[in-house]
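Visitor: Following this message is one structure expressed as C-alpha cells.
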Amino acid sequence: MARRTPSLLRHLFRDAAGIVSPRSPRGRAEARRFVTYMPRPGDGAPRPVTLIPGDGIGPLVTGAVQQVMEAMHAPVYFETYEVHGDMTTVPAEVIESIRRNKVCLKGGLRTPVGGGVSSLNMQLRRELDLYASLVHCFNLQGLPTRHEKVDIVVIRENTEGEYSGLEHEVVPGVVESLKVITKFCSERIAKYAFEYAYLNNRKTVTAVHKANIMKLADGLFLESCREVAKKYPGIKYNEIIVDNCCMQLVSKPEQFDVMVTPNLYGNLVANTAAGIAGGTGVMPGGNVGQDHAVFEQGASAGNVGNEKIVEQKKANPVALLLSSAMMLRHLQFPSFADRLETAVKRVIAEGRYRTKDLGGSSTTQEVVDAVIAKLD
Amino acid sequence: MALGRLLQRASINQISSRIFPAFERSFSAAASPSEPIRATLFPGDGIGPEIAESVKHVFNAAQVPIEWEEHFVGDKVDPRTESFLTWESLESVRRNGVGLKGPMATPIGKGHRSLNLTLRKELGLYANVRPCYSLPGYKTRYDDVNLVTIRENTEGEYSGLEHQVVRGVVESLKIITRQASLRVAEYAFHYAKANGRQRVSAIHKANIMRKTDGLFLKCCREVAEKYPEITYEEVIIDNCCMMLVKNPSLFDVLVMPNLYGDIISDLCAGLIGGLGLTPSCNIGEGGIALAEAVHGSAPDIAGKNLSNPTALLLSSVMMLRHLKLTDKADQIHNAILNTISEGKYRTVDLGGNSSTTDFTKAVCDHL
C-alpha cells in the first residue's frame, strides 16, 4: 500500500472531486458513480456491449464468449458489428456504438502487410484515445511451462511512439520513419501504470527503455516515469534497458511485476512475457482510455490465427474468455467475473480439453462446453 | 522497367563484389599454411587480458597459423580517430582483415566517441552475426536452440538523429536505406549458404511501419530470389518473440534491422545461458571480420583467474571459420563443447569451481 503522503492525498481528492482519471479494467469507480457494496436497484439491468468479431479466428472465439455469457445469464447483451482488416476505416456506426456503450469486446483484425491500408487496430485506439494497453501474463495452474512464478502486467503506451505511421521516402531507396514521444502521453501512461499498481497491490513498476541510444526520446519517457514515481513512495520503481529486459524475461521472469513501456518495446515485451507464461492463446488484456475500454486477446501475436485453425475450428477461446471476465469486472459485475474465471481455470487445470497451442487437440466448441459445464 | 531491373541487379552485384573480395585472399592464405595469417587482437579491459591469454594458449596448442598483433586501448584521445583507439590500431585491423576484440569498458567523459561507435564507423561494420546454440551439458530451460541472428548494424533506429520539436515533444528518426538492407541481406544469405543453413527468416513490423520495414523486406526478397535453394520467410516481430520463447527450434537464420536485431539477439543469448557464452562477429566492408565477446569487462573478478573464456573462444572459432580454416575451427569448437559437456572443468559462472587456466588446459587436452 502506498504511504499517504500529502501530495498523494491531494491527488486522490482531485479525483474524487470529479476530474476524470484513467480507469483500471479491474473495476474501479466509473466517473460520478460510487462503488457500493450493496447493489442499487436497477444495477442488474442488462448492459449493452459492442462486439466486433473480426477476422480469422475472431468470429469463432467471440462466438464462444457469447455462448458462455448466455449460459451464465450474465447481464450483458452484445451489439454485433462487422469490421474486417481490409476496410480502409472503421465504420462510423461502430465508433458511435462504442462511444455510446463505452465498452467493447473485439476479436483480432488482420492488418495487411506492406499495403496501403493503415492498421484498423491503431485507428480504433486513436479515435477513442485508448492510450493504455494492458496484458496480464501469469502461469495457469495445470499448464506446464518452462518458467514458474510468472505474474507480469505489461502496460504499454498505445497511441504514439514508433507506431505513429509517419513515414516518407526521402529519395528513392532511403526511407524515414518518425518516432514521436511526447511528455503528455508518457506522463499519462506512467500515471496509469502507477495507479494500477497501487490499486491492485503490486509492489514494483519497471520502466523499459533504450535511453542509452535514443537519449532524447526515451529519455523523455524515463523523466516522466521518474516524476510520477515520486508521488507513489510505497511502490518500488526501477528501469531496465529493453535488450537486457528480454534476456532477463527468458531467464528470470519472477523479478518483474508491472512493466510500463513505450509502444514498440511494449509489443515485444508483452508477446515475450505471454509466450513464457503459456502463450498468447491464454493471456487476457485490453485497451483502456479515459472513457472507453476495448477488451481483446492480450498479446497481439496470432490473434487472427491461420486458415488451418479456422477450418478445423481449433482456436483457443481462453484468452478472450478471461478478457471478458476482465470486462465484467469493469462493468462492475464481480461475481459473474469470478464465476467465469474459476470455470476457465478449472478446465485448464483438469487438462482434458485443451486446444492445440496448449498441447491438446480439442476444438473450440469442446472447450466452451467444458467451461459451461464447470460453471457454478 | 527492364532497364530498372538491370540497374538494380548491377547495383547488387556491385555491392557483392565490394563486400567479398577478401574471401579470395583468405582462400589463398589457407592454402599455404606455412605463412601465418596476421590478426589483430584487442585484449580489452578487466577480464579481457586473461581470456585473451586463454585464446592464444588454445590456438598455440591447436597449431593454428595465426600471428597476433596486440593493440591496447590508449589512455588519451587520439585526435585522428576522436577516441581512445589509436589510428594505428584501426589501420592494423584494416590491413589484416580480421580481428578479435575482448570486452572494453566504456570510458566516461566528453570529447570522444564511444569505442564501439569508433570501430563501427571507421571499419564500416555493417552486420553483426551471433550464432546461438544450446551448449550440450550446460542445462538451461531451452535445449534445442540452434539459430543465428544477423543484425544490420549501421542505420535503422540507432541513427542517433533526434530533436526536440517543441517543449515536451521529441522526434527520433528511423532510417532504412536500400543499400544497407541489400548489404545485410546479401551477407545473411551468403552466410546461410556457406554454413549449410536451410532457412532465412526476415523479421519485421511492416504491417505498421509499411515503408521502412517494407523497403527492408523488398531488399530481402530480391536477394532471396538469387538463392533458390534456401527457404525464405518473413515473420512479424511479435510473432517471432512469442515463437522464440515457446519453440526456438522453429528458427534457423534470422535477418533483421538494427533495433529488432538488438533485442532479438539478446533474447536468444538469454535462451542459451547469457552473454557470457555467446560468440559474436561483426562483418565490415571489404570482408573485414571483427569477432568480439559481448559480455562486460567484469572488473570485480579481473585478475583473479576466475573468468569464463568461452565467449571469446567461440568468437575466435567464428573468426577462423571466416578465414576458411574450417578444420581447425571445428577442432577447437568440438574441444570447447566436449569440455563443457563433460562438466569436470567449469568456471564459477557455470556453477563449477575451476579457474580460467584449468578450463583452458582442459580445452587444450581435448584437442
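The values are calculated or read from the model by the stated rules, or taken from the named source; none is laboratory data. Since this is a predicted model, take the numbers as computed values, not measurements. Ideal geometry is used to build each Cβ from the backbone, glycine not excepted, and the neighbour counts take in all protein chains shown. For accessibility, only protein heavy atoms count, side chains too; no ligands or nucleic acids. Shrake-Rupley method; radii C 1.70, N 1.55, O 1.52, S 1.80 Å.
Okay, residues lined up against (1) open to solvent by 60 Å² or more (accessible area, probe 1.4 Å); (2) not assigned by the TED database to the domain that holds B:Ser249:
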{"position": "B:Ser89", "(1), (2)": "no, yes"}
{"position": "B:Lys101", "(1), (2)": "no, yes"}
{"position": "B:Tyr133", "(1), (2)": "no, yes"}
{"position": "B:Pro136", "(1), (2)": "yes, yes"}
{"position": "B:Asn146", "(1), (2)": "yes, no"}
{"position": "B:Gly156", "(1), (2)": "no, no"}
{"position": "B:Glu162", "(1), (2)": "no, no"}
{"position": "B:Val166", "(1), (2)": "yes, no"}
{"position": "B:Leu173", "(1), (2)": "no, no"}
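Visitor: Is there any pair linking a residue in the range A:63-75 that is without any contact (Cβ under 8 Å) to a residue 24 or more places away in the chain to one that is surrounded by fewer than 21 Cβ atoms within 10 Å (Cβ to Cβ), with Cβ under 6 Å and at least six apart or on different chains, and which?
Guide: none
Visitor: Which of the following residues is more than 17 Å from B:Tyr191 (Cα to Cα), surrounded by fewer than 24 Cβ atoms within 10 Å (Cβ to Cβ) and either in contact (Cβ under 8 Å) with a residue 12 or more places away in the chain or not small (Gly, Ala, Ser) (or both): B:Ser307, B:Ser341?
Guide: None of the others qualify; the one that does is B:Ser341.
Visitor: B:Ala206 versus (1) part of a helix (DSSP H, G or I); (2) facing another protein chain (nearest Cβ under 10 Å): which is the lone unmet condition?
Guide: That leaves (1) as the condition not met.
Visitor: Keeping to the range A:318-349, report how many residues are open to solvent by 70 Å² or more (accessible area, probe 1.4 Å) and either in contact with a Gly (Cβ under 7 Å, 6 or more places away or on another chain) or at positive phi (or both).
Guide: 1
Visitor: Just give me the residues in the range A:136-183 being charged (D, E, K, R), under 18 Å from A:Gly281 (Cα atoms) and facing chain B (nearest Cβ under 8 Å), in sequence order.
Guide: A:Arg146
Visitor: Now for a different question. Any residue in the range A:296-325 that's in the same structural domain as A:Val65 (by the TED database) and polar (S, T, N, Q): show its pairings with residues that are open to solvent by 20 Å² or more (accessible area, probe 1.4 Å) and modelled with pLDDT of 80 or more at Cβ separation under 6 Å, as long as the two are six or more apart or on different chains.
Guide: Here the result reads A:Asn303/A:Gln297; A:Asn316/A:Asp357, each pair linking the range A:296-325 to a residue that is open to solvent by 20 Å² or more (accessible area, probe 1.4 Å) and modelled with pLDDT of 80 or more.
Visitor: Look through A:Arg126, A:Arg100 and report the one residue that is touching a strand residue (DSSP E or B) at 6+ places or on another chain (Cβ under 9 Å), open to solvent by 60 Å² or more (accessible area, probe 1.4 Å) and not in a loop (DSSP other than H, G, I, E, B).
Guide: Unique residue meeting the criteria: A:Arg100.
Visitor: Looking at B:Glu292 and the list (1) closer than 30 Å to A:Val282 by Cβ; (2) in a strand (DSSP E or B); (3) among the acidic types (Asp, Glu), which single condition is not satisfied?
Guide: Single failed check for B:Glu292: (1).
Visitor: A further question follows. Quickly run through the range A:150-189 and pick out the residues that are part of a strand (DSSP E or B) and closer than 28 Å to A:Asp257 by Cα.
Guide: A:Asp151, A:Ile152, A:Val153, A:Val154, A:Ile155, A:Arg156, A:Glu157, A:Gly161, A:Lys179, A:Val180, A:Ile181, A:Thr182
Visitor: Under the condition of being hydrophobic (A, V, I, L, M, F, W, C) and assigned to a loop (DSSP other than H, G, I, E, B), which residue from the range B:33-66 is surrounded by the fewest Cβ atoms within 10 Å (Cβ to Cβ)?
Guide: Restricting to residues being hydrophobic (A, V, I, L, M, F, W, C) and assigned to a loop (DSSP other than H, G, I, E, B), the top hit is B:Val64.
Here's the yes/no breakdown for (1) of a type in the set (Val, Ile, Thr); (2) in contact with an Asp or Glu (Cβ under 9 Å, 6 or more places away or on another chain):
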position: B:Gly276; (1), (2): no, yes
position: B:His295; (1), (2): no, no
position: B:Ala302; (1), (2): no, yes
position: B:His322; (1), (2): no, no
position: B:Thr326; (1), (2): yes, no
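Visitor: Just to verify a result, which residue in the range A:103-117, among those that are crowded, with 18+ Cβ neighbours inside 10 Å and assigned to a loop (DSSP other than H, G, I, E, B), is farthest from the other protein chains (Cβ to nearest Cβ)?
Guide: A:Gly107
Visitor: What are the residues in the range B:73-87 that are among the aromatic types (Phe, Trp, Tyr) and surrounded by fewer than 17 Cβ atoms within 10 Å (Cβ to Cβ), if any?
Guide: Result: B:Trp87, single match.
Visitor: Now for a separate question. Can you tell me which of B:Ile332, B:Ile301 is open to solvent by 10 Å² or more (accessible area, probe 1.4 Å), touching a Ser or Thr at 6+ places or on another chain (Cβ under 9 Å), closer than 20 Å to B:Glu53 by Cα and in contact (Cβ under 8 Å) with a residue 12 or more places away in the chain?
Guide: Testing whether each residue is open to solvent by 10 Å² or more (accessible area, probe 1.4 Å), touching a Ser or Thr at 6+ places or on another chain (Cβ under 9 Å), closer than 20 Å to B:Glu53 by Cα and in contact (Cβ under 8 Å) with a residue 12 or more places away in the chain leaves just B:Ile301.
For (1) open to solvent by 10 Å² or more (accessible area, probe 1.4 Å); (2) not charged (D, E, K, R), each residue gets a yes or a no:
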position: A:Tyr131; (1), (2): no, yes
position: A:Pro144; (1), (2): yes, yes
position: A:His147; (1), (2): no, yes
position: A:Arg156; (1), (2): yes, no
position: A:Tyr163; (1), (2): no, yes
position: A:Glu169; (1), (2): yes, no
position: A:Cys185; (1), (2): yes, yes
position: A:Ala217; (1), (2): no, yes
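Visitor: Looking only at the range B:312-355, which residues are closer than 18 Å to B:Ala39 by Cα and either aliphatic (A, V, I, L, M) or touching a Pro at 6+ places or on another chain (Cβ under 7 Å) (or both)?
Guide: B:Leu312, B:Leu313, B:Leu314, B:Ser315, B:Val317, B:Met318, B:Met319, B:Leu320, B:Leu323, B:Leu325, B:Ala329, B:Ile332
Visitor: Another question about this same structure. Based on what the data block shows, is B:Tyr227 surrounded by fewer than 23 Cβ atoms within 10 Å (Cβ to Cβ) and aromatic (Phe, Trp, Tyr)?
Guide: Here the answer is yes, as B:Tyr227 does meet what is asked.
Visitor: Okay, moving on. Out of the residues in the range B:247-262 meeting the condition of being touching a Lys or Arg at 6+ places or on another chain (Cβ under 9 Å) and not in a strand (DSSP E or B), tell me which one is farthest from the other protein chains (Cβ to nearest Cβ).
Guide: By that ranking, first place goes to B:Asp252.
Visitor: Still on this model: Among residues belonging to the range A:38-57 that are part of a loop (DSSP other than H, G, I, E, B) and of a type in the set (A, V, I, L, M), point out the one that is least open to solvent (accessible area, probe 1.4 Å).
Guide: A:Ile57
Visitor: Of the residues B:Gly276, B:Gly214, B:Gly196, only one is open to solvent by 10 Å² or more (accessible area, probe 1.4 Å), at the interface with chain A (Cβ under 8 Å from one of its Cβ atoms) and out of contact with any strand residue (DSSP E or B) (no Cβ under 6 Å at 6 or more places or on another chain); which?
Guide: Exactly one of B:Gly276, B:Gly214, B:Gly196 is open to solvent by 10 Å² or more (accessible area, probe 1.4 Å), at the interface with chain A (Cβ under 8 Å from one of its Cβ atoms) and out of contact with any strand residue (DSSP E or B) (no Cβ under 6 Å at 6 or more places or on another chain), namely B:Gly214.
Visitor: Could you grab me the full set of residues in the range B:315-329 that are under 20 Å from B:Phe359 (Cα atoms) and touching a residue at least 60 places away in the same chain (Cβ under 8 Å)?
Guide: B:Ser315, B:Ser316, B:Met318, B:Lys328, listed by residue number.
Visitor: Please give the strands (runs of 3 or more DSSP E) falling wholly within the range B:115-189 in which 2 or more residues are within 22 Å of the chain's Cα centre (by Cα) and away from chain A (no Cβ under 11 Å).
Guide: B:125-133, B:146-152
Visitor: Sticking with this structure for a sec: Looking at A:Tyr198, A:Tyr232, which is the one that is hydroxyl-bearing (Ser, Thr, Tyr) and out of contact with any helix residue (DSSP H, G or I) (no Cβ under 8 Å at 6 or more places or on another chain)?
Guide: Answer to the selection: A:Tyr198.
Visitor: If you take the residues of the range B:225-242 that are under 24 Å from B:Glu157 (Cα atoms) and touching a strand residue (DSSP E or B) at 6+ places or on another chain (Cβ under 8 Å), which of them is farthest from the other protein chains (Cβ to nearest Cβ)?
Guide: B:Glu233
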